[in-house]
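Enquirer: One structure, as structure tokens, below. Some questions next.
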Amino acid sequence: MKIIDIGVPLDAAPYPPWNYRFKRVSHEEGARAMLRLFKGSDVGDYPESMALGWETITLTGHAGNHIDAPWHFGPLCEGKPARTIDQISLEWCYGDGVRLDFRHRQGEDISVEDLKGELARIEYTLKPLDIVLLWTGSDQYLDNVDDYVRRQAGLSVAGQNYILDQGVKLIGIDAIAMDVSFATMARGLREGQHDALFPAHFVGRKREHIHMEKLANLGAIPRPFNFKVSALPIKITGGSAGWVRPVAIVEDE
């Protein structure tokens with residue numbers, strides 16, 4: 001069995017509004033800070049006058065790899081209060097993975113025809129609770145926000161609904177967001193479309209499902225299916241999203 005890291009650090013791509021701040025507390029500072037734990041203690045009571053080090057991190061639930069909960073998309077989902085990240089089913093977050101290669105569609109939208117064509121190419125039929133990973137290749141541009149956004153192959157609303165029609169609950173992408181391409185959104189704004197921005201997110205108000213964003217290294221998975229994906233989100237009470245450490249688990253054939 002091989003476990004393949006398909007994630008990025010929490011501080012990767014900290015573009016607005018998903019900013020990230022990190023403050024290190026050294027071992028020497030830790031010794032002074034921990035004096036309050038034991039009355040009469042002194043920094044010299046710790047080996048080499050050093051206690052424990054730690055860090056203080058300020059970030060959003062959407063930093064690094066994360067899963068968007070239904071509440072992120074809107075207050076209601078399917079006419080009921082939308083579930084937050086601590087309320088979603090964990091069965092959605094571990095299961096059979098399917099990697100679909102759309103690197104040739106960078107900057108464009110993935111249509112139903114594209115999806116059907118890729119599934120036919122790899123000879124696979126989607127089934128309920130599969131975890132679909134969209135391989136756009138844009139993760140190699142993480143350090144350049146302009147290229148990262150421009151090269152994303154977005155998922156069309158029709159394509160998204162096609163995937164959900166197969167019983168899929170979790171869709172992942174190696175891009176900044178699970179949505180149509182930014183080029184499509186920009187064009188829609190210019191043309192005066194009132195629903196141009198992030199339309200695939202708002203599908204989540206009508207159909208309950210979750211998104212996993214900012215994946216990476218999908219090319220390290222040796223085959224397009226016959227592997228597991230584990231992406232269990234951190235339990236944030238009332239959270240619109242939860243950080244994950246996504247991995248692909250590949251067993252020897």
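The values are calculated or read from the model by the stated rules, or taken from the named source; none is laboratory data. Quantities reported herein were computed from a predicted structural model and do not represent experimental measurements. When we count neighbours, we look across all protein chains shown, and the Cβ atoms used for this are built from the backbone with ideal geometry, even at glycine.
Enquirer: If I ask for residues that are assigned to a loop (DSSP other than H, G, I, E, B), closer than 27 Å to Asp143 by Cα and under 18 Å from the mean Cα position of the chain (by Cα), which ones from the range 187-238 would you list?
Expert: Within the range 187-238, Phe198, Lys214, Leu215, Ala216, Asn217, Ile221, Ala231, Leu232, Pro233, Ile234 qualify.
Enquirer: Looking at Tyr148, Tyr124, can you tell me which residue is surrounded by 13 or more Cβ atoms within 10 Å (Cβ to Cβ), in contact with a Phe, Trp or Tyr (Cβ under 7 Å, 6 or more places away or on another chain), part of a loop (DSSP other than H, G, I, E, B) and on the phi < 0 side of the Ramachandran plot?
Expert: Numbers: Tyr148 fails: part of a loop (DSSP other than H, G, I, E, B).
So the residue among Tyr148, Tyr124 that is surrounded by 13 or more Cβ atoms within 10 Å (Cβ to Cβ), in contact with a Phe, Trp or Tyr (Cβ under 7 Å, 6 or more places away or on another chain), part of a loop (DSSP other than H, G, I, E, B) and on the phi < 0 side of the Ramachandran plot is Tyr124.
Enquirer: Pick out the one residue from Val8, Val98, Val112 that is in the same structural domain as Arg187 (by TED's automatic domain parsing), farther than 27 Å from Asp165 by Cβ and within 29 Å of the chain's Cα centre (by Cα).
Expert: Every option except Val8 fails the conditions.
Enquirer: Between a residue in the range 123-135 that is within 16 Å of Asp165 (Cβ to Cβ) and modelled with pLDDT of 95 or more and any residue that is among the basic types (Lys, Arg) and not in a strand (DSSP E or B), which pairs come within a Cβ distance under 7 Å, given they are 6 or more apart or on different chains?
Expert: Listed pairs, sorted by first residue: Leu129/Lys169.
Enquirer: Could you say whether any residue in the range 203-220 is touching a Phe, Trp or Tyr at 6+ places or on another chain (Cβ under 6 Å), among the acidic types (Asp, Glu), closer than 17 Å to Gln106 by Cβ and in the same structural domain as Ile85 (by TED's automatic domain parsing)?
Expert: Filtering the range 203-220 down to residues touching a Phe, Trp or Tyr at 6+ places or on another chain (Cβ under 6 Å) leaves 204-205, 218.
Next cut, among the acidic types (Asp, Glu) only: none.
No, the range 203-220 has no match at all.
Enquirer: Looking only at residues in the range 1-18 that are in contact with a Leu (Cβ under 7 Å, 6 or more places away or on another chain) and either at pLDDT 95 or above or of a type in the set (S, T, N, Q) (or both), which one is surrounded by the most Cβ atoms within 10 Å (Cβ to Cβ)? Give the derivation first.
Expert: First pass over the range 1-18, keeping only residues in contact with a Leu (Cβ under 7 Å, 6 or more places away or on another chain): 6-8, 10, 12-13.
From the residues that got through so far, the ones that are either at pLDDT 95 or above or of a type in the set (S, T, N, Q) (or both) too are 6-8.
Numbers: Ile6: 27, Gly7: 23, Val8: 19.
My answer is Ile6.
Enquirer: Would you pick out the residues in the range 239-253 that are within 17 Å of Leu129 (Cα to Cα) and over 12 Å from the mean Cα position of the chain (by Cα)? Show your work before the answer.
Expert: Restricting attention to the range 239-253, the residues satisfying the condition of being within 17 Å of Leu129 (Cα to Cα) are 246-249.
Selection gives Ala248, Ile249.
Each row is one residue, and each column tells you yes or no for (1) part of a loop (DSSP other than H, G, I, E, B); (2) surrounded by fewer than 20 Cβ atoms within 10 Å (Cβ to Cβ); (3) touching a Ser or Thr at 6+ places or on another chain (Cβ under 8 Å).
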position: Leu129; (1), (2), (3): yes, yes, no
position: Val132; (1), (2), (3): no, no, no
position: Val168; (1), (2), (3): yes, no, no
position: Met178; (1), (2), (3): yes, no, no
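Enquirer: Those residues that are of a type outside the set (Gly, Ala, Ser) and exposed (fewer than 15 other Cβ atoms within 10 Å of the Cβ), I need them from the range 44-57; list them, please. Walk me through it before giving the result.
Expert: Going through the range 44-57, the residues of a type outside the set (Gly, Ala, Ser) turn out to be 45-48, 50, 52, 54-57.
Hits for the range 44-57 are Asp45, Pro47, Glu48, Met50, Leu52, Trp54, Glu55, Thr56, Ile57.
Enquirer: If you scan the range 58-81, which residues turn out to be in contact (Cβ under 8 Å) with a residue 12 or more places away in the chain, exposed (fewer than 13 other Cβ atoms within 10 Å of the Cβ) and in a strand (DSSP E or B)?
Expert: Of all residues in the range 58-81, those in contact (Cβ under 8 Å) with a residue 12 or more places away in the chain come to 58-74, 76-78.
Of the ones still in play, those that are also exposed (fewer than 13 other Cβ atoms within 10 Å of the Cβ) are 58, 78.
Result: Thr58, single match.
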